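K.L.:
Just dropping this structure here.
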């Protein structure tokens with residue numbers, strides 16, 4: 001009986017382990033892209049986020065994931081910086097590959113996420129405060145100050161910081177209007193208005 005239980009646990013772990021895992025471990029110090037033959041310190045340096053800190057530029061967000069910064073491939077980490085204008089919002093979204101640690105650099109943010117039981121967790125953050133957004137859960141950030149901008153940095157536990165915007169994901173693809181109307185318990189005209197506002201197909 002004990003052997004059967006242990007075998008069942010082993011089989012369960014074999015199938016569920018890869019599902020729970022994040023980035024796979026690598027057997028090397030780093031991964032060199034196939035199109036590169038030699039690397040130096042420049043390979044491990046990313047300077048494009050400098051532009052974000054030039055306040056004259058109208059940049060809302062920038063990120064450094066393995067797409068933008070190939071040296072991150074296999075390192076299970078990436079980063080994003082966010083600036084919200086007074087009253088600005090980063091709409092509800094998910095990061096399917098990574099947990100995020102959010103650190104406020106300047107100003108204040110109202111943040112929140114919804115867990116799998118539909119419970120909403122919110123907090124108002126000041127400069128220097130941190131908040132965690134669990135992997136895959138819908139979350140948002142909002143600057144409640146109507147006079148001052150707010151800035152933050154988020155660090156992710158994956159080399160992919162891919163984001164799925166809830167409004168865009170629902171209304172920009174060509175999901176049938178009737179399906180969305182029934183899902184939101186409204187009418188097709190309302191769905192089409194929302195789709196138009198978000199730049200989707202009508």
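Quick note: the coordinates plus some simple rules give every number you see, no bench work behind them. As the structure is a computational prediction, the values presented were derived from the model and not from experiment. So basically every Cβ, Gly included, is an ideal-geometry build from the backbone, and we count neighbours across all protein chains shown.
K.L.:
When only alpha-carbon atoms are used, what values of Rg and Dmax, in angstrom, describe the chain?
P.N.:
For the chain, the Cα radius of gyration and maximum Cα-Cα distance read 20.9, 70 Å.
K.L.:
Something else: Packing-wise, with mean Cβ within 10 Å as the measure, how do 104-111, 26-33, 177-184 rank, highest first? If you can, show how the numbers build up before the last one.
P.N.:
On the way: 104-111: 18.9, 26-33: 11.0, 177-184: 13.8.
Top of the packing list down: 104-111, 177-184, 26-33.
K.L.:
Note down the nm distance, to one decimal, between modelled labels 7 Å out along Cα→Cβ at residue 53 and at residue 39.
P.N.:
That separation, rounded to one decimal, is 2.4 nm.
K.L.:
Continuing with the same structure: Sorted from largest down, what three extents in whole angstroms do the Cα atoms of segment 139-202 have along their principal axes?
P.N.:
Answer, in whole Å and largest first: 39, 35, 20 Å.
K.L.:
What's the extension gain from residue 190 to residue 103 if we count 0.36 nm per residue and subtract their Cα-Cα distance?
P.N.:
Length gained between residue 190 and residue 103: 27.6 nm.
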